[in-house]
Structure formats: C-alpha cells, structure tokens
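Asks: Structure below; questions to follow.
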Number of protein chains: 2
Amino acid sequence: MIVWVTGANGFIGRHLVHELAATGHEVHGVGHGALDAAEARRLGLQSWINGEIDAANLNTLAAAHGLPTQVFHLAGGSSVGVSIERPFEDFSRTVASTARLLEWLRGSAPDCAVIAASSAAVYGADHIGPIAESVVPAPMSPYGQHKLMMEQLCRSYARSFGLGCTVVRLFSVFGPNLRKQLLWDICSRLKAGEQVLTLGGTGNEIRDWTDVRDVVRLLAGLAEASPQQTFRIINGGSGQGTSVADIAAGLIGQWGSNTVVRHSGVSRPGDPVSLLADDAMLRQIGFDWRIPLAQGLADYVTWFKGQAS
Amino acid sequence: MIVWVTGANGFIGRHLVHELAATGHEVHGVGHGALDAAEARRLGLQSWINGEIDAANLNTLAAAHGLPTQVFHLAGGSSVGVSIERPFEDFSRTVASTARLLEWLRGSAPDCAVIAASSAAVYGADHIGPIAESVVPAPMSPYGQHKLMMEQLCRSYARSFGLGCTVVRLFSVFGPNLRKQLLWDICSRLKAGEQVLTLGGTGNEIRDWTDVRDVVRLLAGLAEASPQQTFRIINGGSGQGTSVADIAAGLIGQWGSNTVVRHSGVSRPGDPVSLLADDAMLRQIGFDWRIPLAQGLADYVTWFKGQAS
C-alpha cells in the first residue's frame, strides 16, 4: 500500500515510517529536514521531499509514485514554548499546512484516508482525572489552539467533502530518539553528574506517558481499521497517569544513580496539573499497549547512554 | 483617531468606513478591490491598499500614516456557497489573513484594539430560539468553520499576548448596496415582473435581520467602549426573529407588487431552521437598534429601484 507521512523526519515520524515499512508498506515522506537518499532509505522511506506540505510537492510525489491510500499527517509545530515565542510559525506549520494538505486531497485523492496527529494540549489545564474526547476543548497555548484548528479543518473537510479523517490526540509520547522534554532533560543532567536535580512544578503533575513504539503501532492500526464514520477523534493515551516525581524516580533508578530530586514548587503558567486520557474508545477498538512504563524508561536510558557514548 | 479597516471595500466595510469617517476618524483600508484615489476618498478612506492582509502591506500603511489605534477586521470569505465550492480560498481569506494580521499587531502595534467580524454561521443548524454566545459552536460549512477558527486565533492572541480583541458575531445583515442573498434575489425577480415567486425552503426559517447602518454603528461603538477583558465575543443581532415568508411579504408590500410567494419546501442541506441572537450582552452594553425592520426594507427597496434605474 502506498502511504505518505508528513513530518516523517520528526521524532514520531521516524518511528512511524519504520513501523509502516516493516509491515510492508511503500512509504513516502514530505516535510522539513535534509535527508539524503541513503539516510531516507535507511529510515524506511522510498522517497523524501524536504519542503512545505503544498500542492507542488504533493503533485510531485503523486506523479512520481502514484496516489496514496493513507496519509499520516504528523507535520506541525512541536512545542508549546516555540508556539509562544513564534506563534505565526506554529500556525503556519500546524494549521496552514493542514489546509493545503486537505485541499490537495479533496481535489486529487478524495478516497485517501487521513490520520492526523493532534495533542492533549487541546484540552487545556482544568482537568482532574481521565479526559474524554467529548469534552469541550479549551487550549491554553497557541500550540494547543492551532492543533484544535487543525482538527476542525479535518472535521470540516470530512463533513463537507466526505474526506475520511481520524484525529488522534496524543498525550506524553516518549521513547528512543526523543531529544527534548522531561526525560531528555533529566538524563542529560544525570549524565552531567548533578547530585541534586531540581525540577519545576510540584512533581505531582500527572501525565499519560506512552512509548512511541506503541504509539506508532496505534497510528498504523487506526489507518487499517477503516472506520464507519468519515470523521472521528480518538485519545491516543493509555489511561494510566504517572506523576512527574514518579517518572523522575523511575529514570534515576534505571540510570543507577542516587541523585536526589527536588521540585521548585513553581509551575509554568498554564501548565496543566493533569493530562490523562479517558481510554474507553481505544479499549473499544481493542488496542493493547504493550510496553510497560518501566520497560519504556529502561529502554530510554539504554538508548540515551548508547547515543551519548 | 487612526483606524484601519480590512475588507473596507466589502458591503459592510464600505458602510463602516462611512460611519467612521463621519465621526471624525482617519480611516485607512486594506483588502481586495480596485479603488482609485478619488473613489477611496469618496468612500471616506484616507488611503487604500488593494492587496493581501500581510506584513508588507501593513508596514506600508504604518510607515505612511502611523500606527492604528483600532483595526476593524472585516476581510474574509463572504459566502457559504463559495466556501463549499472553493474551501481553500475561504480558508485563506478568513483564517490565514487573520493570522497574519494578529501576528503583525503583536509585533508592531500591540496596544491596538481589534474588532473582528464573525458570523452566526459558527453556531450551526440545531438551534431553536435565541442563541447565547456561550453555547458550544457547531458550524456546518467551511465558511462557519473558518469564522470559528478566526475567533480562536483572536482568543489565542488575546490570552497569550494580551492583544485586545472583540469578536462580533453578525447575523443577517442587509441594507443598501447589498447585491446578493435573499433581499437582492427577491427584488431582482420583482423587477423582472415575476408573478409567482418561488423561494427555497419552507418560508418558516427564522433569521435575525439587522440593518447594516445599525450594524456599523454597533461595530464603531464597540471599539470606543474599551472593554475590561482582553477578549470578548458578542452577538451582533437584534434578538428579533423574522421568518423568510414575512421578509418576502414585507418586501413585496414595500415594492407595491401583488406577486404571490410560494415556497418549494425543499431546504438546502445544513441551512439552519433558526438563527436568532440572544441579545442580552448587547442590551447590557446599552446598544439601541434604531432602524425598524419595516424601515430597513423600505430603504432597501428605495435603494434597489434607484440603483437599477
């Protein structure tokens, strides 16, 4: 099957391409990043266009390799912080790119299924306990707002033009090759030999941690399971909440360090106390999360020590 | 006061420029439409740029005439039908233009107040009775969806960057110079001498009709009344519902015709049965609608007969 991945050079994108290629798909990618042909092939990409998600590049892909059956749309802004520093860049990467992609599909590949990666950031900060897909979104940052707008474009093209779209709201995805965020930060400081590791916040912030290798299996599986409805939104979370303090303790244990963790008690404005998926829809689909958190943390530490040596 | 109007060459834009100029403001405009200097001046515009709402054009305006105190953002898609035929054009006109405007204001004129024209189309089709601003929007068309996304960009820039934004959801605005939609259609057919006038739908569809001269006075007034909150959404409707059948009868009466109206009974898919504003917020502000519907219809007929002769 011919499948395309936008943002294929990103953290989740690279894992997804690997998964899709390993299961026999012909994978082409478009997005930002200089990959030579050998590197692209090594990742599992038959071809790669380093550029915008726009009609010219999509036409080029289609002319050279045929129309896709599925498009995994992972391109977009990748950080709340950057979205606050440069909101228009985040808008362009997340919203405008989606508008161009959907419009191209409407005209050129209306039967192609879209699987779009959204984020739990659409939910905002005021939740306690599992969050169902049906709650009214209330994003706090441009990043979350733009992800919500991306979802709405998908909904609009599904409703008005029959395009089949599945939106997956991803939670706290981690795993090998993630070079930012909490786990990267903690491992970097452990490697530097910090004896007292002070983290922001209270340590009680709850997140729904998911291993990227499970996440890409979920994304690929959602594309296979052709839905009855043309549009659906699904939480891509495990339903298991773990505090930042417990993540830090787990990582330090895997590292084999006796570093002490302290929490500043100062939360970033808008940083949610809890982002935990209601996983009822995923359970209904029958998806099984296979990598326990402890295993994921162990693998992350192993990868970190390996890549850094 | 220096004020800018985007989309100043549109139906509401032209009336708004007239209102603002008449009340002593220095008005500059940007948007689409070829206006020579004399025509622009006649409309009340000190200057006019025929082009995109983008940083280059906004910088040009600012360099030549100084920074604005208020921007009235009226540029955008103008029809549900066009948004279904060419959704990306509607996205570009409504959403992308707003993103560029807000980003420019964030960097260059962060104290400028924004008054953005949205639409009751954000509410969708499933309402009976007055609709409050607080209901969850459920747009049915790309037009309504993109207007909602425009609102969300305003909300995001207000929340994250303190930009002061007032969103006004306009309902069924009509008045002199409106050359499309129901009133234009009926008058055109009366002029052609149709003896039996068949309209789509049931005739019982309820709309909240507002005269454009009242609407622009509302917009101008909202800009003057500097709000406590950085972001607000206000229904720009009268709270008075009138059926399509009654509008048709009123127009025919003003025309002095004995044309008979029939309704096909066939509704356009997604055409709301009722779009009526809950006007509690406007009443709280103390806004008074001055032009009764019968007067508005009479003036429309007078204008129509005059422009057509």
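Asks: I want to check the label-to-label distance for B:V196 and A:T202. Put each point 7 Å from Cα in the C-beta direction and report it in nm to one decimal.
Replies: Taking the simple label geometry, B:V196 and A:T202 are separated by 7.3 nm.
Asks: When only C-alpha pairs under 8 Å and at least 6 residues apart count, what is the relative contact order of the range A:17-92, in percent?
Replies: Once normalised by length, the contact order is 22 percent.
Asks: Rounded to the nearest 0.05, what FRET efficiency do B:R283 and A:K305 give with R0 = 51 Å and r taken as the Cβ-Cβ distance? Could you check?
Replies: 0.15
Asks: Treating the point 7 Å from Cα along Cα-beta-carbon as the label, what are the nm separations from B:N50 to the other copies, to one decimal?
Replies: Sorted ascending, the copy-to-copy spacings read 4.2 nm.
Asks: Using all Cα-Cα distances in the range B:126-237, what percent lands in each 5 angstrom bin from 0 up to the longest?
Replies: Whole-percent P(r) values from 0 Å outward: 2, 9, 15, 18, 19, 15, 9, 6, 4, 2, 1, 0.
Asks: Report the antiparallel proportion of the DSSP beta bridges in the protein assembly as shown as a percent, rounded to a multiple of 5. Working shown, then result.
Replies: Working: 4 of 83 bridges.
Close to 5 percent.
Asks: Could you tell me the relative contact order of chain A? Use alpha-carbon pairs under 8 Å, at least six residues apart, and round to a whole percent.
Replies: That works out to 18 percent.
Asks: So in chain A, what percent of DSSP beta bridges are antiparallel if you round to the nearest 5?
Replies: So the antiparallel bridges in chain A amount to around 5 percent.
Asks: Could you work out, residue by residue across A:86-92, how many beta carbons of other chains sit within 10 Å of that residue's beta carbon, and then give the average as an integer?
Replies: Average per residue, whole number: 5.
Asks: Can you check how the C-alpha radius of gyration of the range A:1-63 compares to 2.2 N^0.38 Å, as a plain ratio?
Replies: 0.99
Asks: Which of the lysines could be linked to B:K191 by a straight reach, that is with a Cα gap under 18 Å, when you skip same-chain ones fewer than 8 residues away?
Replies: Result set, ordered by chain and number: B:K180, B:K305.
Asks: Highest GNM mean-square fluctuation, chain A, Cα pairs closer than 10 Å: which of A:V273, A:V212, A:V196?
Replies: Largest GNM mean-square fluctuation: A:V196.
Asks: So how far, in whole Å, is the C-alpha centre of the range B:44-58 from the one of the range B:228-249?
Replies: 30
Asks: Quick one: if you stick a label point 7 Å off each Cα along the C-beta vector at B:S264 and A:A63, how many nm between them?
Replies: With each label point 7 Å from Cα toward Cβ, the separation is 4.1 nm.
Asks: What is the sum of charges, Lys and Arg at +1 and Asp and Glu at -1, for the other residues whose Cβ falls under 14 Å from the Cβ of B:T69?
Replies: -3
Asks: Could you compute the net charge surrounding B:V167? Neighbours are other residues with a C-beta less than 14 Å from the C-beta of B:V167; K and R count +1, D and E count -1.
Replies: With Lys, Arg at +1 and Asp, Glu at -1, the net is +3.
Asks: Nm distances between the label at B:G66 and the same-position labels in the remaining copies, 7 Å along Cα→Cβ, shortest first?
Replies: Those label-point separations list as 6.5 nm.
Asks: Using the Cα gyration tensor of the range B:194-309, with a ≥ b ≥ c the square roots of its eigenvalues, what is the shape: rounded (a/c below 1.5), prolate (a/b larger than b/c) or oblate (neither)? Can you show the working numbers first?
Replies: Details: a/c = 2.95, a/b = 1.64, b/c = 1.80.
Verdict is oblate for the range B:194-309.
Asks: Also, quick follow-up: Just to be sure I follow: if Rg is taken over the C-alpha atoms of the range B:112-158 and Rh is the Kirkwood radius over the same atoms, what is Rg/Rh?
Replies: Expressed as Rg/Rh, it is 1.00.
Asks: Suppose you put the label 7 Å out from Cα in the Cβ direction; list, shortest first and in nm with one decimal, how far A:S264 is from each other copy's label.
Replies: Label-point distances to the other copies, shortest first: 6.3 nm.
Asks: Cα gyration tensor of the range B:67-135, axes a ≥ b ≥ c as square roots of the eigenvalues: rounded (a/c below 1.5), prolate (a/b > b/c) or oblate?
Replies: oblate
Asks: Let me ask something additional. Please work out the FRET efficiency for the pair B:A22 and B:D271, using the Cβ-Cβ distance as r and a Förster radius of 45 Å; give the result to the nearest 0.05.
Replies: 0.80
Asks: Could you put A:R41, B:R155, B:R283 in order, starting from the residue whose Cβ has the fewest other Cβ atoms within 10 Å?
Replies: Placing the least packed residue first, the sequence is B:R283, A:R41, B:R155.
Asks: Now, a different point. With the radius of gyration and the Kirkwood radius both derived from the Cα set of chain A, what is their ratio Rg to Rh? Spell out each step's value before the answer.
Replies: Details: Rg = 19.2 Å, Rh = 19.9 Å.
Taking Rh as the inverse mean 1/r over Cα pairs, Rg/Rh reads 0.96.
Asks: Most exposed first by the Cβ proxy, i.e. fewest other Cβ within 10 Å, how do B:E151, A:E52 rank?
Replies: A:E52, B:E151
Asks: Compute the signed sum of charges (Lys and Arg +1, Asp and Glu -1) over the other residues within less than 14 Å, Cβ to Cβ, of B:R217.
Replies: -3
Asks: Right, another one. Rounded to whole Å and ordered largest first, report the semi-axes of the equivalent ellipsoid of the protein assembly as shown derived from its Cα gyration tensor (root of 5λ).
Replies: Working: eigenvalues 486, 145, 105 Å².
They are 49, 27, 23 Å, listed from largest to smallest.
Asks: Within the protein assembly as shown, which cysteines find no other Cys whose Cβ is under 4.7 angstrom from their own?
Replies: A:C112, A:C187, B:C112, B:C187
Asks: Going from the alpha-carbon gyration tensor of the range A:82-172, what semi-axes, largest first and in whole Å, does one get by taking the root of 5 times each eigenvalue? Write out the running numbers ahead of the final one.
Replies: Values: eigenvalues 115, 56, 16 Å².
Each semi-axis is √(5λ); the values are 24, 17, 9 Å.
Each reported figure results from applying straightforward, stated rules to the coordinates on display, with no laboratory input. Fair warning: this is a prediction, and the values are worked out from it, not measured in the lab. Please note: Cβ atoms are built from the backbone with ideal geometry, for glycine as well, and neighbour counts cover all protein chains shown.
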